[in-house]
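This report refers to the structure that appears directly beneath it.
The values are calculated or read from the model by the stated rules, or taken from the named source; none is laboratory data. All values reported here derive from a predicted model rather than from experimental measurement. Quick reminder, even Gly has a Cβ in these numbers, built from the backbone with ideal geometry, and neighbours come from all protein chains shown. Ligands, DNA and RNA are stripped out before the accessible areas are found, and what is left, the full protein with its side chains, is counted by its heavy atoms. Shrake-Rupley method; radii C 1.70, N 1.55, O 1.52, S 1.80 Å.
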Amino acid sequence: MRNRIFYRTRIAGVNFEGTLSADGPYLSGDLTGGVALGVSGLRQFQPLPETRPVGRPFGWWVVKYVDEARIFLRDFDDAAIRRLSDEFGLVMLNDENPYSSDRARQDYFFTAPAWDGLRQWVTKHPRLAKANAGCDPYLPRWYDRAIAEAQAISG
């Protein structure tokens, strides 16, 4: 499984990993939970009881879509939230405008260091990458884009 990790970083004392899963590129780490990249974002709110078990606290969360609370970012300050946003291309959502198009979320991911890590991972693990190219329900054509960019860089 370790050969599916394409990016690692530590923010506010917490380890985060970009891994390849059946959902495609995925964010997980030391904290409980994980989420597919491309449809995820960061939001400060208290999840409704019907979206996850009761008792979820108010604070910063990595969410899927708008309100599917996936990773609680306990004690993360604004600087740590901005860094996590930048490292993985996670859009910042707010209560006034909680919606961001999937396209905007995907475009932001493709500017992040985690994307560079995934692109490099594809070149280091070509057979594994190709075998998982179809795992792209939330980040369509990530594999094709990684190959095209890697070829453009290598000239």
Based solely on its DSSP helices, what 222 nm [θ] is calculated for the chain when runs of n ≥ 4 H residues each add -39,500 (n - 2.57) and the sum is averaged over all residues, nearest 500 deg cm²/dmol? -9500 deg cm²/dmol
Whole-percent carbon and sulfur contribution to the accessible surface of the chain (1.4 Å, no ligands, DNA or RNA) stands at 48 percent
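Within region 97-155, list the chymotrypsin sites (Phe, Trp or Tyr not before Pro) lying in a DSSP loop whose Cβ has at most 14 other Cβ atoms in a 10 Å radius. The partial results should precede the final answer.
Working: sites: TYR99, TYR108, PHE109, PHE110, TRP115, TRP121, TYR138, TRP142, TYR143; in loops: TYR99, PHE110, TYR138.
Passing both the DSSP loop test and the Cβ count: TYR99.
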Quick one: accessible area per residue over the chain, 1.4 Å probe, rounded to a whole number of Å²? 52 Å²
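When DSSP assigns beta bridges and you keep just the ones with both residues in region 20-155, what percent turn out antiparallel, to the nearest 5?
On the way: 14 of 17 bridges.
DSSP beta bridges in region 20-155 are roughly 80 percent antiparallel.
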What are the ³J(HN,Hα) couplings of region 37-48, residue after residue, when phi is run through the Karplus curve with 6.51, -1.76, 1.60 and θ = phi - 60°? Round to Hz, x for glycine and proline. 7, x, 10, 9, x, 10, 8, 9, 5, 10, x, 5
Rh by Kirkwood over Cα pairs, then Stokes-Einstein D for the chain at 1.306 mPa s and 10 °C, µm²/s: 100 µm²/s
For ALA146, the net charge from surrounding residues (Cβ-Cβ under 13 Å; K, R +1; D, E -1) works out to +1
